[in-house]
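The structure appears below as structure tokens.
The values are calculated or read from the model by the stated rules, or taken from the named source; none is laboratory data. Model, not experiment: these values are computed from the prediction. Virtual Cβ from ideal backbone geometry, glycine too; neighbours counted across all protein chains shown. SASA here: full protein model, heavy atoms, side chains in, ligands and nucleic acids out. Shrake-Rupley method; radii C 1.70, N 1.55, O 1.52, S 1.80 Å.
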Amino acid sequence: MLYFEKGSPSLALGGEDLKKAVFETFDRLGPKKKVLAIPPDFTRYHSRAGELTQYAYEYYGDRLTDILPALGTHFPMTDTEIGRMFPGVPRSLFRVHNWREDVVTVGVVPGGYVKEFSEGVVDYDWPAQINKLLIEGGYDLILSLGQVVPHEVIGMASYNKNIFVGTGGAEGINKSHFVGAAYGMERIMGRAKTPVRLLLNYASTHFTAYLPIVYLQTVISQGDDGLQMRGLFIGDDFECFEKAARLSLEVNFRMLDREMKKVVVYLDPEEFRSTWLGNKSIYRTRMAIADGGELIVLAPGLHQFGEDPVNDVLIRKYGYVHTPQVLQYVRENEDLQNGLGVAAHLIHGTSEGRFKITYCPGHLTRREIEGVGFSYADLNAMTAIYDPARLTDGWNIVDGEEIYYISNPALGLWAYRERFK
């Protein structure tokens with residue numbers, strides 16, 4: 001059922017609009033005794049899911065007993081991040097999702113279906129795993145809050161990804177990510193119906209339909225009027241996601257009539273501290289960068305490669321090599337067979353030799369960056385040339401050279417029109 005929908009490319013929803021929509025929806029849902037909220041973590045700060053969580057707390061009060069950020073494989077949120085993203089919400093309500101220990105398997109999608117969904121690329125069984133709190137908590141309402149935006153693994157983020165990946169387990173996350181990587185990023189990004197989404201939809205229908213999940217989904221874009229919420233969609237089924245995805249495709253997908261030869265991407269140090277997240281600069285631009293081009297990533301907050309210590313070790317060991325090499329590593333090495341999410345990440349992080357990737361890190365050394373297969377450049381030197389304070393999103397001329405600048409790769413997807421076809 002769709003409880004609320006409002007959205008268009010020119011819309012700018014303000015706080016009072018959101019509060020009114022959320023409160024009216026909660027009124028329609030009727031009295032609730034125990035509520036769980038599942039917002040994204042700080043890496044989706046701009047989603048305004050923090051604001052929606054505030055309204056949920058204001059409405060339900062002590063009936064909102066738990067808030068479980070959908071960490072997936074990410075580091076737990078810090079007190080500073082929680083305070084900034086969820087001001088006024090008691091710190092005592094927040095729980096930490098441990099993707100290696102806090103999960104239960106609610107069902108298994110047979111390999112035959114996985115093979116069908118992936119068009120023969122992968123044929124293993126897939127376990128649908130979620131945080132045990134959803135099953136054991138005794139909730140009569142679970143609020144899944146998130147932003148629908150193009151995504152490298154599943155095509156479009158949010159909806160049941162927030163559940164089966166955001167609160168998922170190691171095997172489920174690893175195997176689902178590998179399905180997407182093996183199928184091909186460029187066949188997935190910006191599309192609502194993909195192999196991984198079909199997996200999650202199967203799980204929603206067959207294993208968790210009894211859970212009282214309601215999805216609150218935002219669509220955010222950067223325009224001439226700044227960062228704005230273009231849409232809010234609230235519902236409990238695929239229709240809600242599909243409508244949000246359609247709007248996201250309109251406002252988050254930058255379709256270009258010519259390829260980018262040099263791209264400069266800035267990674268906000270509060271949001272991007274690892275290449276696990278920072279490689280969005282690669283994922284979101286790869287369909288727009290010309291053969292022989294260069295991607296320069298200004299990453300002042302970059303401290304590590306993986307968001308998980310085990311994953312960080314594996315990334316350092318194998319590096320961002322071409323896809324055939326990653327697949328060979330998987331065949332030959334048990335640690336990657338048990339860490340298919342890392343294998344998928346390595347595939348996502350390579351340009352396949354098509355263009356150069358130059359990282360300018362704030363805290364990693366040249367040896368570390370070059371050790372995983374990227375080129376290195378000094379952050380201060382490159383910032384002096386490509387100063388984010390002087391550049392504007394889109395085409396710029398710097399010292400007589402044309403570049404394309406992106407201030408936040410998490411907010412969109414860029415593609416050359418002919419390549420997308």
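Modelled this way, with points 7 Å down the Cα-to-C-beta line, the labels at ALA12 and GLU418 are 3.7 nm from one another. Computed from Cα atoms, the angle from the helix 15-29 axis to the main principal axis of the chain rounds to 40 degrees. Ranked by the mean number of other Cβ atoms within 10 Å of their residues, highest first, the peptides 92-102, 32-42, 287-297 come out as 32-42, 287-297, 92-102. Accessible surface of the chain, 1.4 Å probe: 48 percent of it comes from carbon and sulfur atoms. Amide H to amide H distances under 5 Å link LEU141 with LYS34, LEU36, where only residues 5 or more positions off or on other chains count and H is placed in the peptide plane. Among TRP126, TRP276, the sequence by solvent-accessible area, most first, with a 1.4 Å probe is TRP276, TRP126.
With contacts defined as alpha carbon pairs under 8 Å and 6 or more residues apart, what's the relative contact order of the chain in percent? Before the final figure, lay out the partial values.
Numbers: 896 pairs, mean separation 71.1, N = 421.
Computed over the chain, the figure is 17 percent.
Stokes-Einstein diffusion for the chain, with the hydrodynamic radius set to the Kirkwood value over Cα pairs and evaluated at 4 °C in a medium of 1.567 mPa s, equals 60 µm²/s. Phi angles across the range 84-100 convert, under the Karplus curve 6.51 cos²θ - 1.76 cosθ + 1.60 with θ = phi - 60°, into 3J(HN,Hα) values of 6, 7, 10, x, x, 8, x, 4, 5, 7, 7, 10, 10, 7, 9, 5, 9 Hz, Gly and Pro given as x. Shown in residue order for the range 260-272 are the 3J(HN,Hα) couplings computed by the Karplus curve 6.51 cos²θ - 1.76 cosθ + 1.60 at θ = phi - 60°: 8, 9, 9, 10, 10, 10, 9, 10, 4, x, 6, 9, 10 Hz (x for Gly and Pro). The phi torsions of the range 51-61, fed into the Karplus equation with coefficients 6.51, -1.76 and 1.60 and a -60° offset, translate into couplings of 5, 5, 5, 4, 5, 4, 5, 4, 6, 8, x Hz, rounded to whole numbers, with Gly and Pro shown as x. Basic side chains Lys and Arg get +1 at the Cβ, acidic Asp and Glu get -1 at the Cβ, and with that the dipole of the chain about its Cα centre reaches some 380 debye.
Its Cα gyration tensor gives the range 155-238 an equivalent ellipsoid; the semi-axes, largest first and in whole Å, are 24, 19, 11.
Using 0.36 nm times the number of residues separating ARG100 and ASP393, minus their current alpha carbon distance, what extension gain do you get? Working shown, then result.
Numbers: separation 293, 0.36 × 293 = 105.48 nm, distance 3.88 nm.
Computed gain between ARG100 and ASP393 is 101.6 nm.
Within the same chain, lysines fewer than 8 places from LYS262 are excluded, and of the rest, those with a Cα less than 18 Å from its Cα are LYS280, LYS356.
For LYS262, the residues whose amide H sits under 5 Å from its own are GLU294, TYR404, ignoring neighbours fewer than 5 places away on the same chain, with H placed 1.01 Å from N.
Normalising the Debye intensity of the range 301-393 to I(0), with uniform scatterers on Cα atoms only, and taking log10 at q = 0.13 Å⁻¹ returns -0.50. When all protein chains stay in place and ligands, DNA and RNA are ignored, the 1.4 Å accessible-area order of PHE253, PHE305, largest first, is PHE253, PHE305.
At a probe radius of 1.4 angstrom, the accessible area of the range 344-421 per residue rounds to 46 square angstrom.
Highest average first, the peptides 204-211, 403-410 ordered by how many other beta carbon atoms sit within 10 Å of their residues are 403-410, 204-211. Per residue, the range 180-243 exposes 34 Å² of accessible surface when a 1.4 Å probe is rolled over the protein heavy atoms with every protein chain present. At q = 0.12, 0.19, 0.22 Å⁻¹ the log10 of I(q)/I(0) for the range 213-344 amounts to -0.71, -1.19, -1.20, computed by Debye summation with a single uniform scatterer per C-alpha, solvent ignored. On a per residue basis, the range 1-52 carries 46 Å² of accessible surface, using protein heavy atoms and a 1.4 Å probe. Against the empirical curve 2.2 N^0.38 Å, the C-alpha radius of gyration of the range 195-259 lands at a ratio of 1.40.
Which number do you get for Rg(Cα) / (2.2 N^0.38 Å) in the range 75-137?
For the range 75-137, the normalised Cα radius of gyration is 1.64.
Using the Kirkwood radius over Cα pairs, work out the Stokes-Einstein diffusion coefficient for the range 17-113 at 20 °C and 1.002 mPa s, in µm²/s as a whole number. Estimated via Stokes-Einstein, D reaches 144 µm²/s. Its residue count N sets the reference 2.2 N^0.38 Å, and the alpha-carbon radius of gyration of the range 27-77 equals 1.22 times that reference.
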